[in-house]
Amino acid sequence: MTKAASDTIAAPPRPSRLQPIKVPARLIVPCHSSDREQPAVIKIPGTVVRAGESLLEESRANTAASRAPVDGRIVGPAVAPIHRGLSMAAVEFEPLDPQAIKTPFQLTSHDLSHVDGMGPAELARRLQSLGIWADRWASPNLLAQLREPHKKPIDTILCNALDEDPAVPLQANVAADQPSAVIAGVRALAAACGAGRAMIALAYGAPAPAWEGLRQELGDSKVRLVPVVNEYPQAHPVLIVHELTGRHLRPGQLPTEQRVLLLDAAAAAAVGNALAANQPLLSAPLAVHDYLRRSTHFFIVPVGTRVRDVLEQMNVQTENVELRAGCPLREIVLTPDCVVSGAELTVAIVPAVSHVNPEPCIRCAWCVEGCPVRIRPASLLDAAQQEDLYMAGQFGLDACIECGICSYVCPSQLPLLGGIRMLRTLQAGSRSARNDVARPS
Amino acid sequence: MTTTITSSRPPVLMSLPHSGMTVREYYGMHFQGALFPLTAAAVFYGWRGLTVILLVLLGAWAGSTIWRRIGPRGQQLESSHIMWFALLLGLMLPGHLATSRLDLYGDAYRVWSWPLPLAAGMVLAIFLWVLGGLGAGRIHPVVVAYLLVGGLFINLLVPQSVLTKHRMLLGDLLSSRPVTAQAANKEPWFARNTLPGQEAEKVPPASEALTRYTSGSEKPPRGWLSIQSLLRDNLPPLEDLIVGGHPGPVGAGSAIAVIIGGLMLLYRGLIDFRIPLIILLTEFVALLVLPIPTAVSERTTWHWLAFLRPDVGWAAAVTLANYELVASPVLFMAFFLATAGPVRPMARRARIIYAGFIGVATAGLQLYMGVAFAPYVALLLASMLTPAMDRWFSPRPLV
């Protein structure tokens, strides 16, 4: 750590709302890469690395430099499951001294003059070198937002401190714990991208310390704190961008296509710590919401911790339960081996899946009334059954944000979200087939 | 366009957590809305009114027990769905059917009318099977069953009596004495004097008088009948139709009860407010615009926008429209039938057109065909357009 950086760090002045866990015996640290054809080269197995040092032999252009979360020894290459159906190349890592990790430090000064006019691409390289990446439902791929060639300049930095599930206020707790880092991150991004507008969206119902912390730290800063009614799925980029800027972001598009750079509070805090204190991403906040015991736990865990290790420390058995990432309505299934990284930061423990025979659609239209993007999920299920992509397009497939409200409210218990995902798979298949035909042999 | 996942398909992964709402509970919630018309039925038509409903339910249960065993369509018959529809059909029938000695044309011609509601329930079960059961079909089976029964036994379905205020809830609907139109039209039901021991009053229904006048089939005793005379002498006080106390279908005899029941359905999120609102508004406007006779005589002439004519005026035209609205079962149809999932379109914009069409068609049919049946025929016509409207009106997504 540089001297300049250490000047900006002080002991935590307030008790953390995130509980540190014991460092597990094995960590699987993912290497976030946008280039699958060029895998990262890791250091020789057995090499001892200090906390914060890179685990990779050389840095690739499109790979975030994975950093050792604690002092430890490299075991070898591995594969890190992120959620069912998605995995990343990773480094298996053995901590030398398993102990509780430190709580996040607090920034005391915001000297961000060095980022003025840096530009998004240079900023992306800087964050990447510190192992910082974020790619989750409420915070789209941060490095891609900064890296992609911008047709229009970014004019708004939007920090989405809304929680995906309002009952699990992880982002609000991060904002309460590290308000100065969150604000530093937003200011740094605004300065680097030349954005004239910077906002932090916080739920009306967020815990009071989040409001107080952010208000105190904001002072006369140009960053605006915007209260928002947070009803699921308001935290989705499509909805929050529409709510606060009136711009129409298509699902799957990066917000920068609408000149908005969007990130959540956890990502903003990581960016703030990186740019104001040169601090790499070594730990991540994690919320575990147990629907069986009706309890919620907030942790700070080393990057690369498996969900299984967290649950063991909570004394939660993984038999007869199902783990889901984010809000359980989205039906993103986790396995206990999934690792905590820059992806989803909320784990829901729900009862094990049962099988039901759905009733026929009774056309109650509750799915239509409940849909936040005003599409027709029941008709999309029809389209899925007929494998009719034209019909799916007519009924709004491209606008679906996969929030799962339709499946949740359906009295017939129809797999509406499953049908939509099936259509998306079909659509991707037909697009790739078209590209294959168009590509010259 | 119908989602046809049947119970014979392999199990599908269930969404968890789910709201817990099932189809059975969904239709169970509808019964809360029907409690108000049911209560009004008990108050104004007594045990015979409730017996008619029970007979329809029994018939539907017996019919569905048989038809449930026949073919894959039989598996789509869901008991809560059938019972809800049977309840609706029961509410559409008059209370005097629950008897074995109905005097249709005096003592010389008595009929056993109690099998009719039982058969209506069975016919409903058959139509539910034919139209595809739960969620399927774009034609309301209740409407089809009612129109079939009405077409075959039209005289039996003309409401005849209402309990007196002293014997409401407890009286026998058939223990009635005729009340002259003049007496019935002079004072409202709750202020009318009745003979000691009289349990019910036999009153000519307002729907018949309205149909005769607007269709031009009225034969006035003095050879001439104006709108003002019709409203003053031939129709009951409006409050009898709004609050209750006039012969009618057991569930549609009290406009207030129907409206409160509909508001309950709205409150529970079961129906879309646009549909009843637009039906009633468009019908009201259409009743003012469409040609009506300003007076019935040997040479009756119909006039568009009758309220503009000095011999009619706003007051008489609006009052006539009000009578048309509350004397017909349009309120019951608008809240309880037109809002049913299978018959109304899914798209909000399409629902506006659907409801507007029903309103205009109801007004036209009421004026020139018959007040008692017009709303159901209009709904039948509109529901045939629903699949086309669902195709024309694709959703407008937020982004």
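The values are calculated or read from the model by the stated rules, or taken from the named source; none is laboratory data. No experiment lies behind these values; they were computed from the predicted model shown. Cβ sites come from the backbone with ideal geometry, for glycine too, and all protein chains shown count toward neighbours.
Some points to look at:
- Restricting the range A:350-368 to residues that are more than 7 Å from chain B (Cβ to nearest Cβ) and crowded, with 23+ Cβ neighbours inside 10 Å, the residue that is nearest to A:Ser407 (Cα to Cα): A:Cys367
- Qualifying positions in the range B:18-55 - at positive phi and surrounded by fewer than 21 Cβ atoms within 10 Å (Cβ to Cβ): B:Gly20
- Residue under evaluation A:Ala121, criteria (1) modelled with pLDDT of 80 or more; (2) surrounded by 20 or more Cβ atoms within 10 Å (Cβ to Cβ), criterion not met: (2)
- In the range A:193-222, the residues that are in a loop (DSSP other than H, G, I, E, B) and either within 14 Å of chain B (Cβ to nearest Cβ) or of a type in the set (Gly, Ala, Ser) (or both): A:Gly194, A:Ala195, A:Gly196, A:Gly205, A:Ala206, A:Gly219, A:Ser221
- Taking the conditions (1) within 26 Å of B:Ser175 (Cα to Cα); (2) β-branched (Val, Ile, Thr); (3) within 14 Å of another protein chain (Cβ to nearest Cβ) in turn, B:Val111 satisfies each one other than (3).
- When A:Trp211 is tested against (1) surrounded by fewer than 24 Cβ atoms within 10 Å (Cβ to Cβ); (2) touching an Asp or Glu at 6+ places or on another chain (Cβ under 9 Å), just one condition goes unmet, and that condition is (2).
- The requirement of being among the β-branched types (Val, Ile, Thr) and modelled with pLDDT under 90 is satisfied by A:Thr318.
- Pairs where the first residue, in the range B:207-236, is part of a helix (DSSP H, G or I) and the second is among the polar types (S, T, N, Q), C-beta under 7 Å, 6+ apart: B:Ser207/B:Ser328; B:Ala209/B:Asn234; B:Ile227/B:Thr294; B:Leu231/B:Thr319; B:Asp233/B:Asn185; B:Asn234/B:Asn185
- Test: residue in the range A:384-398 that is surrounded by 23 or more Cβ atoms within 10 Å (Cβ to Cβ), assigned to a helix (DSSP H, G or I), out of contact with any strand residue (DSSP E or B) (no Cβ under 6 Å at 6 or more places or on another chain) and of a type in the set (Ser, Thr, Tyr): no
- Screening B:Ala120 with (1) under 17 Å from B:Ile82 (Cβ atoms); (2) surrounded by fewer than 17 Cβ atoms within 10 Å (Cβ to Cβ) gives one miss only, at (2).
- In the range B:114-130, the qualifying residues are those that are farther than 13 Å from B:Gly63 by Cα and touching a residue at least 40 places away in the same chain (Cβ under 8 Å), and the one that is nearest to the other protein chains (Cβ to nearest Cβ) is B:Leu116.
- The range A:152-174: number of residues that are over 15 Å from the mean Cα position of the chain (by Cα) and of a type in the set (A, V, I, L, M, F, W, C): 3
- Any pair with Cβ under 6 angstrom, 6 or more apart, that starts in the range A:147-175 at a residue that is surrounded by fewer than 24 Cβ atoms within 10 Å (Cβ to Cβ) and ends at one that is of a type in the set (Ser, Thr, Tyr) and part of a strand (DSSP E or B): A:Val168/A:Thr296; A:Val168/A:Thr346
- Boolean, A:Ser379 is among the polar types (S, T, N, Q), under 25 Å from the mean Cα position of the chain (by Cα) and either modelled with pLDDT of 95 or more or surrounded by 15 or more Cβ atoms within 10 Å (Cβ to Cβ) (or both): no
- The range B:330-388: number of residues that are within 23 Å of B:Val23 (Cβ to Cβ), surrounded by 19 or more Cβ atoms within 10 Å (Cβ to Cβ) and within 14 Å of chain A (Cβ to nearest Cβ): 12
- Here is the figure for the range B:18-53: residues that are small (Gly, Ala, Ser), within 30 Å of A:Pro360 (Cβ to Cβ) and assigned to a helix (DSSP H, G or I) total 3.
- The lone criterion from (1) more than 30 Å from A:Arg50 (Cβ to Cβ); (2) away from chain B (no Cβ under 14 Å) left unmet by A:Ala287 is number (1).
- B:Ala363 vs. criteria within 17 Å of B:Leu325 (Cβ to Cβ), in contact with a Leu (Cβ under 9 Å, 6 or more places away or on another chain), small (Gly, Ala, Ser) and part of a helix (DSSP H, G or I): yes
- Residue in the range B:258-277 that is of a type in the set (A, V, I, L, M), touching a Pro at 6+ places or on another chain (Cβ under 7 Å) and in contact (Cβ under 8 Å) with a residue 60 or more places away in the chain present: yes
- Condition check for B:Gln32: in contact (Cβ under 8 Å) with a residue 40 or more places away in the chain and out of contact with any helix residue (DSSP H, G or I) (no Cβ under 9 Å at 6 or more places or on another chain): no
- Hey, A:Ile332 among the hydrophobic types (A, V, I, L, M, F, W, C), within 7 Å of another protein chain (Cβ to nearest Cβ) and within 27 Å of A:Gly252 (Cα to Cα) or not: no
- Taking (1) buried (at least 18 other Cβ atoms within 10 Å of the Cβ); (2) within 15 Å of B:Val52 (Cβ to Cβ); (3) modelled with pLDDT of 80 or more in turn, B:Leu102 satisfies each apart from (3).
- Hey, B:Asp240 buried (at least 18 other Cβ atoms within 10 Å of the Cβ), part of a helix (DSSP H, G or I), of a type in the set (D, E, K, R) and touching a helix residue (DSSP H, G or I) at 6+ places or on another chain (Cβ under 8 Å) or not: yes
- Positions within the range A:399-410 being more than 7 Å from every other protein chain (Cβ to nearest Cβ) and in a loop (DSSP other than H, G, I, E, B), in sequence order: A:Cys400, A:Ile401, A:Glu402, A:Cys403, A:Cys410
- Verdict on B:Ile256 being β-branched (Val, Ile, Thr), within 26 Å of A:Ala365 (Cβ to Cβ) and either within 22 Å of the chain's Cα centre (by Cα) or not in a helix (DSSP H, G or I) (or both): no
- Tally of residues being in contact with a Pro (Cβ under 8 Å, 6 or more places away or on another chain), hydrophobic (A, V, I, L, M, F, W, C) and at the interface with chain B (Cβ under 7 Å from one of its Cβ atoms) across the range A:369-387: 3
- Residue count for the range A:411-441, restricted to those that are in a loop (DSSP other than H, G, I, E, B) and within 8 Å of another protein chain (Cβ to nearest Cβ): 5.
- Residue selected from the range A:237-252 under the condition more than 10 Å from every other protein chain (Cβ to nearest Cβ) and in contact with a strand residue (DSSP E or B) (Cβ under 9 Å, 6 or more places away or on another chain), by the criterion farthest from A:Ala203 (Cα to Cα): A:Thr245
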